[in-house]
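Taking it in order: structure first as structure tokens, then the write-up.
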Amino acid sequence: MASVELRNLRKTYGSLDVIHDVSLAVNDGEFIALVGPSGCGKSTLLRMIAGLEEITGGDVMIGGNVVNDMTPRERNIAMVFQSYALYPHMTVAENMGFNLKLAGETKPAIQARVTEAARMLDLTAFLDRKPSQLSGGQRQRVAMGRAVVRNPAVFLFDEPLSNLDAKLRVQMRSEIKTLHQNVGTTSIYVTHDQIEAMTLADRIVVLNHGKIEQEGTPLELYKTPANIFVAAFIGSPA
Ligand code: ADP
Ligand code: MG
């Protein structure tokens, strides 16, 4: 686990200003929900933290160190997307262990980590199956398993449940909560679903046009939204 700190982070694409001067401190083990309308810069922000996008200005710090010049692997961050892109020709176990294999881990070490992650994610019975033999929820759990086995310092989630139907979303939401309670990894979770944000997060950050409108606990945002935009987004009665 590690703290994450963003200092005056900026991103421009040509003349398009996507992230303006975002500063945010995420505590070790904290679960942050990052919410905001489509196009406000959520994915861009996550990709900069992960090292998948060049930073225009400012710093990304992980565990107190500036990581701007580090590769994604060196940052020890795991990212879970909505399109989980499992390898169709590999079994669940092989999918989950693939990154460890690339990192040069031994077979017994990989097997131990995969077995442990499978138990945590209720995938033990499916380890020999191919992705095509799984339900959508099971596939999403494999995608999370692939991230968990690496024992990352930070989890970044980019709308991981948005492709699932409503019932499955509710179920997976509680699984993510349990996972976080068990492993305690610092997490930044992008969602446009305010109920997901309210139920999962220690703190919610509301982004709009690349700027933070407000950050606070779910209750703080609900009770004292800073402005009409936050109130509308969180669904406060005001
Ligand atoms: P969100 O995830 O909140 O929906 P994004 O971070 O994907 O928003 O996008 C923020 C803005 O940046 C959008 O206006 C989008 O069109 C723009 N954008 C994202 N990626 C690129 C890119 N590679 N080149 C140019 N513009 C981009
Ligand atoms: Mg996005």
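Against the conditions (1) away from ligand 1 (no atom under 16 Å from the Cβ); (2) polar (S, T, N, Q); (3) at pLDDT 95 or above, residue 71 satisfies every one except (3). Here residue 118 clears all of (1) modelled with pLDDT of 95 or more; (2) under 18 Å from residue 78 (Cα atoms); (3) more than 16 Å from ligand 2 (Cβ to nearest atom); (4) of a type in the set (A, V, I, L, M) except the condition numbered (1). Filtered by the rule that a residue be within 14 Å of residue 36 (Cβ to Cβ) and in contact with a Gly (Cβ under 9 Å, 6 or more places away or on another chain), the range 185-211 gives 190, 192, 194, 204, 205, 206, 207, 208, 209, 210, 211.
Every residue in the range 75-106 that is among the hydrophobic types (A, V, I, L, M, F, W, C) and in a loop (DSSP other than H, G, I, E, B), please. Passing the criteria: 85, 86, 90, 103.
Of the residues making up the range 191-198, at least one is among the charged types (D, E, K, R), crowded, with 22+ Cβ neighbours inside 10 Å, at pLDDT below 95 and within 16 Å of ligand 1 (Cβ to nearest atom).
From the list 143, 153, the lone residue that is in contact with a Pro (Cβ under 8 Å, 6 or more places away or on another chain), more than 16 Å from ligand 1 (Cβ to nearest atom) and within 28 Å of residue 63 (Cβ to Cβ) is 143.
Looking at 6, 24, 34, 45, which one is under 17 Å from the mean Cα position of the chain (by Cα), within 11 Å of ligand 1 (Cβ to nearest atom) and part of a strand (DSSP E or B)? Step by step, each of 6, 24, 34, 45 is checked, and only 34 is under 17 Å from the mean Cα position of the chain (by Cα), within 11 Å of ligand 1 (Cβ to nearest atom) and part of a strand (DSSP E or B).
Which of (1) closer than 25 Å to residue 199 by Cα; (2) surrounded by 14 or more Cβ atoms within 10 Å (Cβ to Cβ); (3) at pLDDT 95 or above does residue 23 not meet, given it meets every other one? Among (1) closer than 25 Å to residue 199 by Cα; (2) surrounded by 14 or more Cβ atoms within 10 Å (Cβ to Cβ); (3) at pLDDT 95 or above, residue 23 violates only (2). All of 187, 174 fail the test of being more than 16 Å from ligand 1 (Cβ to nearest atom) and modelled with pLDDT of 90 or more, apart from 187.
Out of 215, 196, one residue alone is touching a Lys or Arg at 6+ places or on another chain (Cβ under 8 Å) and part of a strand (DSSP E or B). It is 215. Taking the range 48-74 as the range and being under 21 Å from residue 207 (Cα atoms), part of a loop (DSSP other than H, G, I, E, B) and not charged (D, E, K, R) as the test, the residues that pass are 51, 52, 55, 56.
Sub-9 Å Cβ pairs linking a first residue in the range 38-54 that is over 17 Å from residue 213 (Cβ atoms) and touching a residue at least 60 places away in the same chain (Cβ under 8 Å) to a second residue that is in a helix (DSSP H, G or I) and more than 7 Å from ligand 1 (Cβ to nearest atom), at least 6 apart or interchain, are 49/75; 50/72; 50/75, ordered by first then second residue. Kindly indicate whether any position in the range 137-145 is at pLDDT below 95, more than 18 Å from residue 185 (Cβ to Cβ), in a helix (DSSP H, G or I) and in contact with a Phe, Trp or Tyr (Cβ under 9 Å, 6 or more places away or on another chain). Scanning the range 137-145, I find at least one residue that is at pLDDT below 95, more than 18 Å from residue 185 (Cβ to Cβ), in a helix (DSSP H, G or I) and in contact with a Phe, Trp or Tyr (Cβ under 9 Å, 6 or more places away or on another chain), so the answer is yes. Can you tell me which residue within the range 36-55, out of those that are within 13 Å of ligand 2 (Cβ to nearest atom), on the phi > 0 side of the Ramachandran plot and buried (at least 17 other Cβ atoms within 10 Å of the Cβ), is modelled with the lowest pLDDT? So the residue we want is 36.
Report yes if some residue within the range 202-218 is in contact with an Asp or Glu (Cβ under 9 Å, 6 or more places away or on another chain), among the hydroxyl-bearing types (Ser, Thr, Tyr) and under 16 Å from residue 158 (Cα atoms); otherwise report no. The answer is no, given that none of the residues of the range 202-218 is in contact with an Asp or Glu (Cβ under 9 Å, 6 or more places away or on another chain), among the hydroxyl-bearing types (Ser, Thr, Tyr) and under 16 Å from residue 158 (Cα atoms).
The values are calculated or read from the model by the stated rules, or taken from the named source; none is laboratory data. Quick caveat: nothing in here was measured; it's all calculated off a predicted structure. FYI the Cβ positions are ideal-geometry reconstructions off the backbone, even for glycines, and counts take in every protein chain you see.
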